[in-house]
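Undergrad: Sending over a structure as structure tokens; questions will come in a sec.
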Amino acid sequence: MFKNLFKKNNADQQPKKTLDEIIEQFSKSSDFTTLAIGAQHKKYVITYFKQLVQMQSVEDKIIKPIQLIDFTLTNVNEVENVLPIEDISITKDTQEILEKMLRGYVMFQLHTDDKEVALIKVQSFDTGFRTENETENEFSVVGPKLGFVEDLDVNLYLMRKTLISEHLVFKEITVGQKSKTRVVIVYLEDITNPQHVDTMTKRLESLDFDVIFDSTMLEQLISDNSNTPFPLFLTTERVDRVLFTLRNGQVAFFSSGSPYAVTGPSTLLDFFISPEDYYLPWVLGSFFRLIRMFGVLFSIFATPLYVAVVTYHYEMLPKDLLGPIIFSRTNVPFPPVVEVLFLEITIELLREAGARLPSKVGQTLGIVGGIVIGQATVEAALTSNVLLIIVSLTALASFTTPIFKMSNTIRLLRFPFVLFAALYGLVGIMFGFCYLIVHLIRLQSLGMPYLVPVYPFRAKSQRDTLLRLPYSKTAKRPGYLRPLSWFRYNPEKSKKKQNLDRE
């Protein structure tokens, strides 16, 4: 059954495309350009992706030399004698045309209906733009470190360069009454469900806003629920993360002046998945993912549990632990909730101050300020040393979240849980947890449930959620995204290779 399903969805089974079909497919993307060049009595056609070639190079090496010749080209082979370019190939092979145009070649035709064309290699778009564009907020130890920049054309070039596919489509629109901001929607036409693309496009086109400064503003404006602290779209500056979402069947968009891409529809679990999980063996990737999940739960519930137990349920503590806690709070004049709020707000102040200062000064302030203030508060009997350890661990655990916006949400969630714990103890924590679950169940991202595949439960989509299973087990795309192509690769081929190696 698996083999039959794969054959049904395998794009390689399709027949070879004609040149007209290739041009029609390329024309769906807004960065595909067709120009008629030459004098009035002699018109030739060149087509290319403007995100892959340098416009000045096309002007100097193709357009101007063609316009200067005083005779009419009768055969496409004559272009080799006219243009000052070494890498020119004459071909009728549509597969070669497709592959080379996706790698930055310009196609030259005497007439639009000619089947024999000249493929011309000109200077690529990347010449001259900054190459030191490593990610700052999503640092990776293993894997590529390439990130987006503020130039929209550069970001689109990075997508074209990294994902060489004729099905990669760019759809450009203009948003902002005064700013006229360029926004480009990116998706894989043979994978992404058209409903997701249409929903994203309609929401962006229907915006009535004057000035757009960043793509994160657009994220809030098109969000399904603007009154939630949870990010409903995944915002990233990493190229590999965007490629991962596209191959799953999601949609992304870029805006000019922003180094971030916004992808959707997104689920809650997407924010706890790091690209490093796929660059490490699946056992290590699953272990680190579970560590992140534990860190999130610990960061949210550690201090509320401390307040609830010390205030109402001290009988739950073991006798060996009850003594040190009582001794640490002997001279503290405040109730536990005041202690916790004082330390939590202090940590947030240090974090905000460190983020606004220069990097070296901010790191020094965070380390020295935390040590000095923590030691001073304990000696002044404003807080207990046990609580200081717990608050420090919760602050450390909140940094395990790969996405910065979700990390901010986790930092915020601690405060209402602390207040619920101070009012009603463990019952208050359970009440807050139930309210949180109901809120998450009601959230949607581009009309898709935010908690899927946990709720609604999708058993077949659990292979890449809490655990990152081997690649042989994750060949199928998530079913809740309703992709047009279900399989990313054929795991049966890898098994056959292993058997051949053994033989």
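Undergrad: Picking from I37, I66, I22, I62, which residue would you name as being at pLDDT 90 or above and open to solvent by less than 20 Å² (accessible area, probe 1.4 Å)?
TA: None of the others qualify; the one that does is I22.
Undergrad: Test D270 against the criterion of being part of a helix (DSSP H, G or I) and at pLDDT 90 or above, and give yes or no.
TA: Details: part of a helix (DSSP H, G or I): yes; at pLDDT 90 or above: yes.
Judged against the criteria, D270 is a match.
Condition check ((1) open to solvent by 20 Å² or more (accessible area, probe 1.4 Å); (2) under 22 Å from N385 (Cβ atoms); (3) in contact (Cβ under 8 Å) with a residue 40 or more places away in the chain) across all residues:
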site: F288; (1), (2), (3): yes, no, no
site: Y306; (1), (2), (3): no, yes, yes
site: Y314; (1), (2), (3): yes, yes, no
site: L317; (1), (2), (3): yes, yes, no
site: D320; (1), (2), (3): yes, yes, no
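Undergrad: Go through the residues of segment 476-491 one by one and say whether even a single one is free of Cβ contacts under 8 Å to residues at least 40 places away in the same chain, in a helix (DSSP H, G or I), farther than 26 Å from S223 by Cα and open to solvent by less than 20 Å² (accessible area, probe 1.4 Å).
TA: Checking segment 476-491: at least one residue is free of Cβ contacts under 8 Å to residues at least 40 places away in the same chain, in a helix (DSSP H, G or I), farther than 26 Å from S223 by Cα and open to solvent by less than 20 Å² (accessible area, probe 1.4 Å).
Undergrad: Name the single residue, out of those in segment 196-222 being among the hydroxyl-bearing types (S, T, Y) and under 14 Å from A252 (Cα atoms), that is surrounded by the most Cβ atoms within 10 Å (Cβ to Cβ).
TA: S215
Undergrad: Go through segment 232-243 and count every residue that is in a loop (DSSP other than H, G, I, E, B) and open to solvent by 10 Å² or more (accessible area, probe 1.4 Å).
TA: Result for segment 232-243: 1.
Undergrad: Quick one: in segment 414-428, which of the residues that are open to solvent by less than 20 Å² (accessible area, probe 1.4 Å) and of a type outside the set (V, I, T) is farthest from L343 (Cα to Cα)?
TA: G428
Undergrad: Which of the residues belonging to segment 429-450 are in contact with a Leu (Cβ under 8 Å, 6 or more places away or on another chain), in a helix (DSSP H, G or I) and either among the hydroxyl-bearing types (S, T, Y) or buried (at least 16 other Cβ atoms within 10 Å of the Cβ) (or both)?
TA: Correct list: I429, L440.
Undergrad: Say whether the condition of being in contact with a Lys or Arg (Cβ under 9 Å, 6 or more places away or on another chain), under 30 Å from P194 (Cα atoms) and not in a strand (DSSP E or B) is met by at least one residue in segment 298-307.
TA: No, that holds for no residue.
Undergrad: Which numbered condition in (1) within 17 Å of D277 (Cβ to Cβ); (2) in a loop (DSSP other than H, G, I, E, B); (3) open to solvent by less than 30 Å² (accessible area, probe 1.4 Å); (4) not polar (S, T, N, Q) is the only one that L466 fails?
TA: Among (1) within 17 Å of D277 (Cβ to Cβ); (2) in a loop (DSSP other than H, G, I, E, B); (3) open to solvent by less than 30 Å² (accessible area, probe 1.4 Å); (4) not polar (S, T, N, Q), L466 violates only (3).
Undergrad: I'm checking my understanding of the structure. Among residues of segment 451-463 that are in a loop (DSSP other than H, G, I, E, B) and out of contact with any helix residue (DSSP H, G or I) (no Cβ under 9 Å at 6 or more places or on another chain), which one is modelled with the highest pLDDT?
TA: So the residue we want is F457.
Undergrad: Looking at (1) more than 24 Å from E24 (Cα to Cα); (2) exposed (fewer than 14 other Cβ atoms within 10 Å of the Cβ), which one does Q95 not meet, given that it meets all the others?
TA: Q95 satisfies all of (1) more than 24 Å from E24 (Cα to Cα); (2) exposed (fewer than 14 other Cβ atoms within 10 Å of the Cβ) except (1).
Undergrad: Please find, among P229, P259, P275, the residue that is under 10 Å from the mean Cα position of the chain (by Cα), in contact (Cβ under 8 Å) with a residue 60 or more places away in the chain and surrounded by fewer than 22 Cβ atoms within 10 Å (Cβ to Cβ).
TA: Every option except P275 fails the conditions.
Undergrad: When the residues of segment 141-195 are filtered to those that are part of a helix (DSSP H, G or I) and of a type in the set (V, I, T), which remaining residue is surrounded by the fewest Cβ atoms within 10 Å (Cβ to Cβ)?
TA: It comes out as T162.
The values are calculated or read from the model by the stated rules, or taken from the named source; none is laboratory data. Since we're looking at a predicted model, the values are computed, not measured. All Cβ positions, glycine included, derive from the backbone under ideal geometry; neighbour counts span all protein chains shown. For accessibility, only protein heavy atoms count, side chains too; no ligands or nucleic acids. Shrake-Rupley method; radii C 1.70, N 1.55, O 1.52, S 1.80 Å.
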